[in-house]
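Structure first, then comments.
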Amino acid sequence: INEGSRYTFGGLDLNGNKIFTTDDLIFITKLREGQVFNYTKYQIDLYMLNLKYRNAGYIETRIEDIPNIDEENKVVSFKINITESKRSYIESVYFRGNEKTKTYVLERYVYTKVGDILDQSNLELSRTYLMNLGYFNNVTYDIQQGSKPGLLKVIYVLEERLTADFKFGLQVAMSEWPPDVSLFAEVAENNFLGREIVMSGKVELALSKQGGQFKIQDPWFLGAPVSLSSTLQFYHNWDQ
């Protein structure tokens, strides 16, 4: 390790920003002039500057940083050249990889609608909601140029996972004598026919009780945000 001198931060010199004032952009940064220079914090500040534009719909804005190192005073500063773009709008939204899940189900959980300004935060929020469905191992998104400048295509890339679960086993109740032995089997499907319908069934066979139950739940009954569920049970009990 060849240790050198400690440098302080000399600040940012912003150029080309007309949409946001220099004070607005400097306000969201954490590394302040006169502090010990921290490269990690500086990279986070660059990311926040980009995010400021992307969250406002200026997706194609470019930010270039040029370092200026004062070896005599041990100060490092940066010139930030910003090439602002026009706001980008969503021309179309596509889903790729959903071989089972219906497209209209996915459209319920995305905040990127055709005709809206493309907002980076809405992309991340949509990705989170799709992951929370539990139908996918991974969800990413891709932004492509649309038919005209200022129009963009949003493509969600999905990696589907198994949504069915099956259990079976043997239960022995030692709280009574002779022990009550029962066989059971359970099956559950959390995305029946790719329509977000939850179906489950259970069968039990024992000396004292035989039967089962069936349950179905539709969180979007008739396409409205109204949850409807129904349970059917049938059991035969034998008392000694």
Quick test for you: out of Asp70, Asp45, pick the one residue that is at pLDDT below 95 and of a type in the set (Asp, Glu). Asp70
Can you find, within the range 65-107, the residue that is farthest from Tyr141 (Cα to Cα) among those that are open to solvent by 40 Å² or more (accessible area, probe 1.4 Å) and among the aromatic types (Phe, Trp, Tyr)? Tyr104
Specify which of the listed residues (Asn98, Asn50) is within 22 Å of Thr112 (Cβ to Cβ), outside any loop (DSSP other than H, G, I, E, B) and polar (S, T, N, Q). Asn50
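Condition check ((1) hydrophobic (A, V, I, L, M, F, W, C); (2) farther than 16 Å from Gly194 by Cα) across all residues:
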position	(1), (2)
Ser77	no, yes
Thr103	no, no
Leu125	yes, yes
Phe136	yes, no
Tyr156	no, yes
Restricting the range 148-167 to residues that are charged (D, E, K, R) and surrounded by fewer than 15 Cβ atoms within 10 Å (Cβ to Cβ), the one farthest from Gln120 (Cα to Cα) turns out to be Lys167
Which pairs turn up if I take residues in the range 223-238 that are farther than 11 Å from Gly212 by Cα and touching a residue at least 12 places away in the same chain (Cβ under 8 Å) and look for partners that are of a type in the set (Asp, Glu) and assigned to a loop (DSSP other than H, G, I, E, B) with beta carbon separation below 6 Å, at least 6 apart in sequence or on another chain? none
I'd like to check something: does the range 168-182 contain any residue that is touching a residue at least 60 places away in the same chain (Cβ under 8 Å) and open to solvent by 80 Å² or more (accessible area, probe 1.4 Å)? no
Filtering the range 166-196 for residues that are under 27 Å from Ser208 (Cβ atoms) and either among the charged types (D, E, K, R) or in a strand (DSSP E or B) (or both) leaves a count of 18
Does the range 112-123 contain any residue that is of a type outside the set (A, V, I, L, M, F, W, C), free of Cβ contacts under 8 Å to residues at least 60 places away in the same chain and surrounded by 15 or more Cβ atoms within 10 Å (Cβ to Cβ)? yes
In the range 62-86, which residues are part of a loop (DSSP other than H, G, I, E, B), within 22 Å of Asn17 (Cα to Cα) and free of Cβ contacts under 8 Å to residues at least 60 places away in the same chain? Ser85
Restricting to the range 186-209, name every residue that is of a type in the set (D, E, K, R), open to solvent by less than 40 Å² (accessible area, probe 1.4 Å) and either closer than 17 Å to Leu130 by Cα or at pLDDT 95 or above (or both). Glu196
Say whether the condition of being within 23 Å of Lys86 (Cα to Cα) and part of a helix (DSSP H, G or I) is met by at least one residue in the range 107-121. yes
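The values are calculated or read from the model by the stated rules, or taken from the named source; none is laboratory data. Source: prediction; values computed, not measured. Cβ atoms come from the backbone with ideal geometry, glycine included; neighbour counts cover every protein chain shown. For accessibility, only protein heavy atoms count, side chains too; no ligands or nucleic acids. Shrake-Rupley method; radii C 1.70, N 1.55, O 1.52, S 1.80 Å.
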